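What follows is one structure encoded as structure tokens, with my remarks underneath.
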């Protein structure tokens, strides 16, 4: 029992840390290191799930408690949310979910709360119908999103906001990218089926395959030899939309973790690719991906707002600018964004994007193209950003994007989460004279 309780304890710690401002990608691995492989999977499920429904679970807890816990009781608060998630969103038997969660109060050094946690969870079981009806009157409960984000989505996408909200609350599929320089998508699909791994071709990305259920990468055929990578189908569009040819000079700005850079190298032979990112730690992943795929690029640690510090002075044929953004299009993969992102972040990010876009434009050859991409659904970061850029750069023109995918904003295409992650793409060309 103590071992199982340690998983709930770890989950409570992860959720509490995210609620205090840490990212899930930072605090989950630290807790997983202390657990067995099987328990690591359960910890991930409890952490991701509790954060996915955090605002709904908290609305339920507020309804169940006569007065809220003290602010200092963050881990206890998070533990109760983990307990509620187990009860209503997992197949864990209720007696086990309650019993194991109550047990953790001892590990937290809060034995006094044993009765409180037990009573709350049992009461939640009894009042489940009442809790569900809260969705009719409580927006946090109905959407499982922070109020500011719901308000922004309604304003930006009056006809699509509900679709976005619903997709954000789903578990995303695992999507692969076949390496066309080594194997065709159809041949790799056959290999998956031969290994009893059900999958289907992506309708969005030409090299994409969607698995019926997540699979550990070491179980994927030919993963180590670089025949396949894990990448969402929306992200896979980037390399395909870049109008590049073999042998050209390309900059992937803000490139980490390197999926798009590697994809460019797979599609266009003898490319002189420069992969730039300001985060030295994340560039480690870029180098690892390049090595596994046996691809060569010039990896540059530098700030896209200050090209004079790293640029060699030679203009690029094409630039992929995967701009820093709110990541509001990838909430289904990163549910901690619901807690970490603030309304004030959007203007700050849009300002940073504007500066990077201006700087990158100056590195582009006349006649060259820049593909602007974000994993955001916020107009200020996407089509309004491009609209403003076109108004202030007379040598820039908007190019049509092929395919029937996405929502045409008139300044690029917006993909809403659900059919792939939420992404925005806009292709700009620089006049030759």
Checklist outcome for this item: Per the filter on region 73-93, residues in contact with a helix residue (DSSP H, G or I) (Cβ under 6 Å, 6 or more places away or on another chain) and surrounded by fewer than 17 Cβ atoms within 10 Å (Cβ to Cβ) are 89
Next on the checklist: Can you confirm whether residue 218 is in contact (Cβ under 8 Å) with a residue 60 or more places away in the chain, out of contact with any strand residue (DSSP E or B) (no Cβ under 8 Å at 6 or more places or on another chain) and either part of a helix (DSSP H, G or I) or closer than 30 Å to residue 363 by Cβ (or both)?
Outcome noted: no
Next on the checklist: Given the condition within 19 Å of the chain's Cα centre (by Cα), surrounded by 18 or more Cβ atoms within 10 Å (Cβ to Cβ) and part of a strand (DSSP E or B), answer yes or no: does some residue in region 321-331 qualify?
Outcome noted: yes
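Regarding residue 334, is this residue in a helix (DSSP H, G or I), out of contact with any strand residue (DSSP E or B) (no Cβ under 7 Å at 6 or more places or on another chain) and either closer than 24 Å to residue 16 by Cα or at pLDDT below 95 (or both)? Break it down stepwise before answering.
Working: in a helix (DSSP H, G or I): no; out of contact with any strand residue (DSSP E or B) (no Cβ under 7 Å at 6 or more places or on another chain): yes; either closer than 24 Å to residue 16 by Cα or at pLDDT below 95 (or both): yes.
So residue 334 fails the test.
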Next on the checklist: Within region 397-408, does at least one residue satisfy the condition of being at pLDDT 95 or above, touching a helix residue (DSSP H, G or I) at 6+ places or on another chain (Cβ under 9 Å) and not in a loop (DSSP other than H, G, I, E, B)?
Outcome noted: yes
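Quick one: which residue in 111, 124 is closer than 21 Å to residue 73 by Cα and either surrounded by fewer than 16 Cβ atoms within 10 Å (Cβ to Cβ) or not assigned by TED's automatic domain parsing to the domain that holds residue 12 (or both)? Working first, answer last.
Numbers: 124 fails: either surrounded by fewer than 16 Cβ atoms within 10 Å (Cβ to Cβ) or not assigned by TED's automatic domain parsing to the domain that holds residue 12 (or both).
On inspection, the qualifying residue turns out to be 111.
Would it be correct to say that residue 275 is assigned by TED's automatic domain parsing to the domain that holds residue 250, touching a residue at least 24 places away in the same chain (Cβ under 8 Å) and within 18 Å of the chain's Cα centre (by Cα)? If you could, list the steps in order and put the result at the bottom.
Details: assigned by TED's automatic domain parsing to the domain that holds residue 250: yes; touching a residue at least 24 places away in the same chain (Cβ under 8 Å): yes; within 18 Å of the chain's Cα centre (by Cα): no.
No; evaluated as a whole, the condition is false for this residue.
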Item to check | Considering residues of region 136-153 that are without any contact (Cβ under 8 Å) to a residue 40 or more places away in the chain and more than 24 Å from the chain's Cα centre (by Cα) only, the residue farthest from residue 344 (Cα to Cα) | outcome: 136
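Going through region 155-194 one residue at a time, which ones are within 21 Å of the chain's Cα centre (by Cα) and assigned to a helix (DSSP H, G or I)? So that I can check it myself, show each step before the final result.
Applying the first criterion (within 21 Å of the chain's Cα centre (by Cα)) to region 155-194 yields 156-157, 160-178.
Selection gives 156, 161, 162, 163, 164, 165, 166, 167, 168.
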Item to check | Residue count, region 261-293 (criterion: closer than 18 Å to residue 207 by Cβ and at pLDDT 95 or above) | outcome: 14
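Inside region 368-396, can you point out the residues that are assigned to a loop (DSSP other than H, G, I, E, B) and surrounded by fewer than 21 Cβ atoms within 10 Å (Cβ to Cβ)? Can you show your working first?
Of the residues in region 368-396, the ones assigned to a loop (DSSP other than H, G, I, E, B) are 375-378, 382, 393-395.
Within region 368-396, 393, 394, 395 qualify.
Looking only at region 409-428, which residues are under 24 Å from the mean Cα position of the chain (by Cα) and not in a strand (DSSP E or B)?
Of region 409-428, the ones under 24 Å from the mean Cα position of the chain (by Cα) are 409, 411-427.
Listed by number, the residues that qualify are 409, 411, 412, 416, 417, 419, 421, 422.
Is it true that some residue in region 355-363 is farther than 23 Å from residue 169 by Cα, assigned by TED's automatic domain parsing to the domain that holds residue 394 and not in a helix (DSSP H, G or I)? Even if it seems obvious, please write down each step before you answer.
Going residue by residue through region 355-363, those that are farther than 23 Å from residue 169 by Cα are 355-363.
The next check asks that each one be assigned by TED's automatic domain parsing to the domain that holds residue 394; those that pass are 355-363.
Still in the running and not in a helix (DSSP H, G or I): 362-363.
Yes, because at least one residue in region 355-363 is farther than 23 Å from residue 169 by Cα, assigned by TED's automatic domain parsing to the domain that holds residue 394 and not in a helix (DSSP H, G or I).
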Next on the checklist: Can you say whether residue 365 is surrounded by fewer than 22 Cβ atoms within 10 Å (Cβ to Cβ) and within 20 Å of residue 256 (Cα to Cα), as far as the supplied structure shows?
Outcome noted: no
Next on the checklist: Looking at 397, 404, 392, can you tell me which residue is closer than 20 Å to residue 304 by Cβ, outside the structural domain of residue 44 (by TED's automatic domain parsing) and without any contact (Cβ under 8 Å) to a residue 60 or more places away in the chain?
Outcome noted: 392
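The values are calculated or read from the model by the stated rules, or taken from the named source; none is laboratory data. Worth saying up front: this structure is predicted, and the values here are computed from it rather than measured. Cβ coordinates were reconstructed from backbone atoms using ideal geometry, including for glycine residues, and neighbour counts include every protein chain displayed.
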